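The values are calculated or read from the model by the stated rules, or taken from the named source; none is laboratory data. No experiment lies behind these values; they were computed from the predicted model shown. Note: ideal-geometry Cβ built from the backbone for every residue, glycine included; neighbour counts use all protein chains shown.
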Amino acid sequence: MRKNYLLFFVCSILASSLLAQTPRPRVQQGPRYLLVLEDARLDVGVKMTSVFALDDRAPLSANPHFQAMWNLVKLGASLEALLQGTSEPMADLEMGEEFGQNGYNKTVPTFFLSLGFGETSDLKMQQQFVELAISPGYFAEGGRGTNLHLDYRFNFLKTEYGAGGGSLARPFDYEAYVGLRTGFDWSFQRSESEAGFFQFLNNELERIALENEFTATQLIALEQLADDSKVLLPEDVGGRAFHIGPIAGVRLSKQLFSHARLFATGQFFYDLMDLSSGRSGEENQRSQHHAALHLGLEFAIGGEGRRASTKFY
């Protein structure tokens, strides 16, 4: 009997020792996220984007339809000149003349996914961001077209205290950044009738009529020919689809609760594609230099916090 008690006592000690060494679940601290990230933050959100064109003009050489239209008008003027006993009355148009305002000044909703990284503390604002955004096209009328772009931002100035509890006593957090944007814009709209080209063309016709002593009837015939030749212009014109270039801006934000943040941003974009010559025959290459104002709400779905799975020591 004593041996049984002694065996039981020894077994109890061994069992206690094994239990003491058994891995136990680690209790995770912090907020819960759909994705748990190390030294990073993932946000999804929506913002209203107001876009203001800084330079949306295009030279006549960017649109081959203008050249075809001018050739038709020039032919008509040459025929009228032959009746007057004159030849070659019209010089070629200055194809470097720029006309524009095809109008992408508008406000569109933008949905985005943003990944912030570069800061080891989850209490502080991240140093760098990569953002994927999609919205209706900037040039589209009637909701047609899509604008898709990818931004990289680097904060050279930002709130240095903890952007969580450390910012409760302050009205907002601030960021100043530079970066790069690349993307596509699949959207077009017609606006050449308001771009100033036709007024320029009519002025040229009046000058040539005066120099060649055309009659009023001949001038009216030429102006009617110019008006009829508008059929050569495409129904839809717009901006260059691909765009890439630097961005710079400032951002003010306010933490609403642990996962949500309200923000306002002012940003400038310079389209480097405006410096390229483009392809032969490409229609209405227009830069997309613009300033934009954003007002939106983002919700954190990833960050440092509680894990969905159990982690052991």
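So, in the stretch 229-286, how many residues would count as being in contact with an Asp or Glu (Cβ under 7 Å, 6 or more places away or on another chain), at pLDDT below 90 and charged (D, E, K, R)?
1
Go through (1) modelled with pLDDT of 70 or more; (2) closer than 19 Å to HIS289 by Cα; (3) out of contact with any Ser or Thr (no Cβ under 8 Å at 6 or more places or on another chain) for GLN128 and report which single condition fails.
Failed condition: (2).
Provide a single number: the residues in the stretch 190-228 that are at pLDDT below 75 and among the small types (Gly, Ala, Ser).
Of the residues in the stretch 190-228, 4 are at pLDDT below 75 and among the small types (Gly, Ala, Ser).
List every residue pair whose Cβ atoms sit under 9 Å apart, with the two residues 6 or more apart in sequence or on different chains, where the first one lies in the stretch 173-187 and is farther than 25 Å from ARG261 by Cβ and the second, anywhere, is of a type in the set (Asp, Glu) and in a strand (DSSP E or B).
Sorted first by the residue in the stretch 173-187, then by its partner, the pairs are THR182/ASP151.
Filter the stretch 163-189 down to residues that are surrounded by 15 or more Cβ atoms within 10 Å (Cβ to Cβ) and part of a loop (DSSP other than H, G, I, E, B) and give me whichever is modelled with the highest pLDDT.
That would be SER187.
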